[in-house]
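Read through the structure below, which is laid out as structure tokens, and then see the notes.
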Amino acid sequence: MEIITSISQIPKIRNRPQRTLSLPEFQRYSRQLILPEVGRPGQENLVNSSVLVVGCGGLGCPVIQYLAAAGVGAFGLVDNDVVDTSNIQRQILHMESDSGKLKVLSAAETIKNLNSSASVYLFNLTIDSSNALEIVSQFDLVVDCTDNVATRYLLNDACFLQKNGRIPLVSGAALRWDGQITVYKEDSCCYRCVHPNPPAPESVTNCSDGGVIGAVCGVVGSIQATEALKILAGIENSLCGNMIIYDGLRASTRTIRLRPKRPDCKLCGERKEIKELVDYVQFCGMSANDKDKNLDLLADNERINVTDVSSLKKQSAIIVDVRPEVQFKICSLPQTFNLPLKKIKKNPDLLSDLIKEQNASEVVFLCRKGNDSQTATVFWKDFTKESIKARDIKGGLYAWQEQIDSSFPLY
Amino acid sequence: MEVTLEFCGGAETAHNGGEKFLTFKSDHKEPKVSDIFAQVRSKKLIDDIDALIESDKDVKPGVLVLINDADWELFNEADYQVCKNDRITFVSTLHGG
Ligand SMILES: [Zn+2]
């Protein structure tokens, strides 16, 4: 297993010499082999096929696992991240002992244990407009298991702009209890037809902030794997043109009909304005990962360090923890008040009343990592026209745990 | 005419912090979707309307509108004439994984 870190190392993967099934494989794949839609031709297509899975996280893991078990011949795995303890809740190919290991490597080891005949190519890099066309061109199919908008546009465009014809793209997404899955291929609409403009960055919630149920990722990934398997085996039925919407909380699934190709789509429409890959991070105004952004909205004198918090209270300042209520109930500092940022923005009087009630002359905002607390400070200064002193606690509860109290729980 | 709006894929958070449905009586006898958007907006029937609707004719990027489980682009989008018992759904599209 070779780890590919740059474009110069990309091997020829697609269109390798075809092989027939080996004797043990008849038995191994018998349960799917006897399905009339698969049969021997379908299984031979699978063992000769190649798939690129972009993202080895919550969606990528079940996709890789099921496709490897089903006998797909070659895998390209793309991820530039390492396994973190908080991944294991949903990223089921990574074990406790994999903590700190490259995700592509951890996933590849599981594949190899599961199906030693599979070829695995590890792309430990950030897929972007400098390499995507070439990486994608080596595979029969791409499965989008990414965690960010920029890479979704990138994969859409890279699959469409192939010299030798459009490469099918199986797209899945999950957040909280919800999942969405669709397939873009042949003459169907593309991701840009459905999303001509990227969403505003502040309207996009990532799994780290919004949370996600591991099994919901499993549902989405399993549906993606099913769609991928059909395409690779050469089965015509497809989700293409439709989208499955899964709501795990209400235990409901529905399939909606998507629009046809938009004539004014910049990529696949009549004018085909986009002829090559663009800068997707710039286009989306968002980075190509779902890592927490570190905001820097405030001047130094508008912030206090966690080490100075103890000296605060004597000066009639109140600490307002702006995390959502559910997070405040997980853990909180004593003598802090919980008023979620969303509530403050919607109804600032709640905070005015609290300040009056406590007879405070200063308000200090606190959150998990020190981003929302800055946003709250800026909002409050603006709202009060700076009539009340407002600051934020730099680094939030993460800094508190690191510098003051190592027994404080982090999540 | 009675109209029911539905919220899914996380669009629920725009309506009373997570309610799935909103039912109200339309001001029009035969409303178009744009009339419904206008009414929702002027009467503040959805608390975080700005998260979903851009104008009476359009939604925010990342939001899909369904009419009876089909993309409104398959109909007339905001000019679609709403019929009795039609189900109009806002879907927030997801991007995480
Ligand atoms: Zn398109």
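The values are calculated or read from the model by the stated rules, or taken from the named source; none is laboratory data. Bear in mind that the values here come from a model prediction, so they are computed numbers and not experimental data. Virtual Cβ from ideal backbone geometry, glycine too; neighbours counted across all protein chains shown. Ligands, DNA and RNA are stripped out before the accessible areas are found, and what is left, the full protein with its side chains, is counted by its heavy atoms. Shrake-Rupley method; radii C 1.70, N 1.55, O 1.52, S 1.80 Å.
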The pairs in A:K103/A:K261; A:K329/A:K381; A:K272/A:K346; A:K346/B:K25 lying past 31 Å Cα-Cα in this model are A:K103/A:K261; A:K272/A:K346
Heads up, I need the accessible area for A:Y246: 1.4 angstrom probe, whole protein in place, Å², nearest 10. 50
Hull-based mean projected area of segment A:300-404, where the convex hull spans the alpha carbons, in square nanometres: 6.0
Within 10 Å of each Cβ in peptide B:48-60, how many partner chain Cβ atoms are there on average? Round it to a whole number, please. 1
XL table A:K275/B:K57; A:K112/A:K230; A:K356/B:K20; A:K342/B:K32; Cα-Cα > 28 Å flagged, in table order, is A:K275/B:K57; A:K356/B:K20; A:K342/B:K32
Checking segment B:21-72 for trypsin sites (Lys or Arg not before Pro) in a loop per DSSP with at most 16 other beta-carbon atoms within 10 Å yields B:K29, B:K43, B:K44, B:K57
Extension length gain for A:R40 and A:S99 (0.36 nm per residue less Cα distance), in nm, is 17.2 nm
Aspartates and glutamates within cross-link reach of A:K12: Cα-Cα under 19 Å, excluding same-chain residues under 8 positions apart? A:E2, A:E134, A:D140
Under 1.5 on a/c is rounded, so check that first for chain A, then, if it is not, pick prolate when a/b is larger than b/c and oblate when it is not; a ≥ b ≥ c are the square roots of the alpha carbon gyration tensor eigenvalues. prolate
Relative contact order for segment A:300-404, counting Cα pairs under 8 Å that sit 6 or more residues apart, in percent: 34
Test of the criteria: in segment A:326-411, which GluC sites (Glu not before Pro) are in a DSSP loop and have at most 16 other Cβ atoms within 10 angstrom of their Cβ? A:E386
For segment A:158-238, which GluC sites (Glu not before Pro) pass both filters: DSSP loop (anything but H, G, I, E, B) and at most 16 other C-beta atoms within 10 Å? A:E186, A:E236
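Averaged over A:174-180, how many beta carbons belonging to a partner chain fall within 10 Å of each residue's beta carbon?
Mean partner shielding for this stretch: 6.
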Residue-normalised value, i.e. accessible area per residue, for the protein assembly as shown at 1.4 Å probe, in Å², stands at 46
